[in-house]
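Report on one structure; see the data block that follows.
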Amino acid sequence: MRALIAAGLAEYGLDPVKAGALTAYGELLLAANRVMNLTAITDPNQVATLHMLDCAALCARWDLRGRRLIDVGTGAGFPGLVAAILVPDCAVTLLDPLEKRLNFIQSVIDALGLSNVTLLHARGEDGGRDPALREAFDFAAARAVADLAVLGELCLPFVKVGGTFLAMKTVDSQGELDAAKPLLGQLGGRPGAPVDYVIPGTAVTHRVWPVAKVALTPPQFPRRWNRIRKK
């Protein structure tokens, strides 16, 4: 796992020394996954590529140094915890509604001695209405947790004007973007050109849709979850 991660980081132009911490994270993930459902990927090499190196692509393509990033629906810590490991001076907030996931992430934070991570036990639509969090981040990221229209409504309220929402998706997500554009505009977002990348050590190509925050999100967003789900 470590050799794969180190080679992939070098290919991205990132510090391969960080492979040690990412490997430890992967090993803790696989150990915890034996007793709780954190990931469907259980092969160590695939954890290295499809989790660690997939998420590391954000750090290779966007400058997170000195910025604030929130990972909405972080799950087992992807992509936010990877970003926190790779960019120590990025202040990362990891939001998730399931406390057991956050407890696992806390164990990783403790094991690696990370000091730039804040955990937030909340639903995205609730956190986005919190005045302390609303439009307070340079970046919001989400990794394939929902349709792009839903992700936009959950994530853009966290992003300050001038910041960016980074939606990690597959390369066949153009239809999602097209359908989401009207709502993204209402939310103050302007989608940019997709950024495609091949995950090192694989033949898998993934895509990030960057959505620039160009105006304040109207106060009625995000709506309650049942409204988001219905319309």
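No value in this document is a laboratory result; all are computed from the given coordinates. Just so it is clear, the model here is predicted, and its values are computed rather than measured. Virtual Cβ from ideal backbone geometry, glycine too; neighbours counted across all protein chains shown.
Can you tell me which residue is surrounded by the most Cβ atoms within 10 Å (Cβ to Cβ) among those in region 1-57 that are closer than 18 Å to VAL108 by Cβ and charged (D, E, K, R)? Looking at the filtered set, the residue picked out is ASP54.
So, in region 165-211, of the ones that are polar (S, T, N, Q) and assigned to a loop (DSSP other than H, G, I, E, B), which residue ends up farthest from the chain's Cα centre (by Cα)? So, considering only residues that are polar (S, T, N, Q) and assigned to a loop (DSSP other than H, G, I, E, B), the one farthest from the chain's Cα centre (by Cα) is THR202.
When the test is whether a residue is in contact (Cβ under 8 Å) with a residue 24 or more places away in the chain, surrounded by fewer than 23 Cβ atoms within 10 Å (Cβ to Cβ) and not basic (Lys, Arg), THR74 does not pass it. Just name the residue that is nearest to the chain's Cα centre (by Cα) out of those in region 77-101 that are among the aliphatic types (A, V, I, L, M) and surrounded by fewer than 22 Cβ atoms within 10 Å (Cβ to Cβ). Of everything passing the filter in region 77-101, ALA91 is nearest to the chain's Cα centre (by Cα). Just wondering, is there one or more residues in region 134-155 that are among the aliphatic types (A, V, I, L, M), crowded, with 22+ Cβ neighbours inside 10 Å and farther than 27 Å from VAL204 by Cβ? No, because not a single residue in region 134-155 is among the aliphatic types (A, V, I, L, M), crowded, with 22+ Cβ neighbours inside 10 Å and farther than 27 Å from VAL204 by Cβ. Out of the residues in region 156-202 that are closer than 25 Å to ASP96 by Cβ and basic (Lys, Arg), state the one that is surrounded by the most Cβ atoms within 10 Å (Cβ to Cβ). Looking at residues that are closer than 25 Å to ASP96 by Cβ and basic (Lys, Arg), I get LYS169.
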